[in-house]
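Chemist: Starting off with a structure, shown below.
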Amino acid sequence: MRERGMTLVEVLIASVITAVSVAGTATAFVAAARMTRAQSNPGTAEAAMYARETAERFRDRVACQGPWFDPATCQPTGLPGGWVRHDLPSSAGTESIINSGARRCYRVTPRDCGDLGVVSDCLAIEVRVCWNGDFTNCPC
């Protein structure tokens, strides 16, 4: 007659499954905490606003028209070459990142977004905002 209960192998398998699920959940909580901390930083929020503002400024120029495109061929002709530097004026409130010396850099590069082999079928706008005088990650 077999006694009721779990064997050692069943207990080990259940322990491994539990450990994997707990590790995955803990990793998700740590990642969420990091994102929350980064988003609650006023400097990060302001930098994101400056990056979004830069992308919005150029949104109207990515159509098949001037000044970045030749309207006849719809090919990019007047794209800014390389990184463009824009120092942000220090005129905001005391909590602003631009009071500590801030700069944004952007570049516009043609990309093949439709997998058609045409490099200029869309444009990528990359923006970096640096502040506190730390311009090591700003390429311009």
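Coordinate-derived values only; no laboratory data. This is a predicted model, so every value here is computed, not measured. So basically every Cβ, Gly included, is an ideal-geometry build from the backbone, and we count neighbours across all protein chains shown.
Chemist: Suppose R0 equals 35 Å; then what is the FRET efficiency for Asp115 and Thr36 from their Cβ-Cβ distance, rounded to the nearest 0.05?
Modeler: Details: r = 36 Å, r/R0 = 1.04.
That pair, Asp115 with Thr36, gives E of 0.45.
Chemist: What spacing in nm lies between the two simple spin-label points modelled at Val9 and Thr77, each 7 Å away from Cα in the Cβ direction?
Modeler: 7.6
Chemist: Let me ask something additional. Starting with the fewest neighbours, write out Leu12, Leu88 ranked by other beta-carbon atoms found within 10 Å of each beta-carbon. Before the final figure, lay out each step's value.
Modeler: Working: Leu12 11, Leu88 20.
Going from least to most buried by this count: Leu12, Leu88.
Chemist: Roughly how compact is the stretch 1-40, stated as its Cα Rg over 2.2 N^0.38 Å to two decimals? List each step's numbers first, then the result.
Modeler: On the way: Rg = 17.9 Å, N = 40, 2.2 N^0.38 = 8.9 Å.
Normalised Cα radius of gyration, the stretch 1-40: 2.00.
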